[in-house]
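Only one structure is covered here, and it is reproduced in the block below.
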Amino acid sequence: MAFAIRDLSVLAYANGFTLWHYKAGNDSLAAVALGDFFSDASDMMAGGDMIMVSGAKECRIICVALADAGKVLSAPVN
């Protein structure tokens, strides 16, 4: 499935940092972690933000490495 803005929400915001939650449903977490998955939300995200992604059977935290003009690059949090 494609990104759905209604499944993205802000959990916390402070000092220019946002902690997001994305409900992936049945989407694979590998697909959600791709660099272009959150591109429709690039105007709301910033580098350093974190996204907690929950799927049907697993969850993951990813970091926004870059958010700029229709592109969001993400990286896994180790």
*Close pairs (6 angstrom Cβ cut-off, 6 or more residues apart or separate chains): modelled with pLDDT under 95 in region 5-24, buried (at least 16 other Cβ atoms within 10 Å of the Cβ) anywhere*: Ala24/Val32; Ala24/Val53; Ala24/Gly55
*Collect the residues in region 32-42 that are over 16 Å from Ser9 (Cβ atoms) and either modelled with pLDDT of 90 or more or in contact with a strand residue (DSSP E or B) (Cβ under 6 Å, 6 or more places away or on another chain) (or both), keeping them in residue-number order.*
Ala33, Gly35, Ser39, Ser42
*Could you grab me the full set of residues in region 62-78 that are in a strand (DSSP E or B), surrounded by fewer than 13 Cβ atoms within 10 Å (Cβ to Cβ) and either among the β-branched types (Val, Ile, Thr) or touching a helix residue (DSSP H, G or I) at 6+ places or on another chain (Cβ under 7 Å) (or both)?*
Lys71
*Hey, can you tell me all the residues within region 37-64 that are within 10 Å of the chain's Cα centre (by Cα) and over 19 Å from Phe17 (Cβ atoms)?*
Phe37, Ser39
*asked:* For region 33-60, give me the residue count where each residue is of a type in the set (Val, Ile, Thr) and within 11 Å of Val72 (Cβ to Cβ).
replied: 1
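The values are calculated or read from the model by the stated rules, or taken from the named source; none is laboratory data. In this text the structure is predicted, and so the values were computed from the model without any measurement. A quick note on method: Cβ atoms are made from the backbone with ideal geometry, for glycine too, and the neighbour counts reach across all protein chains shown.
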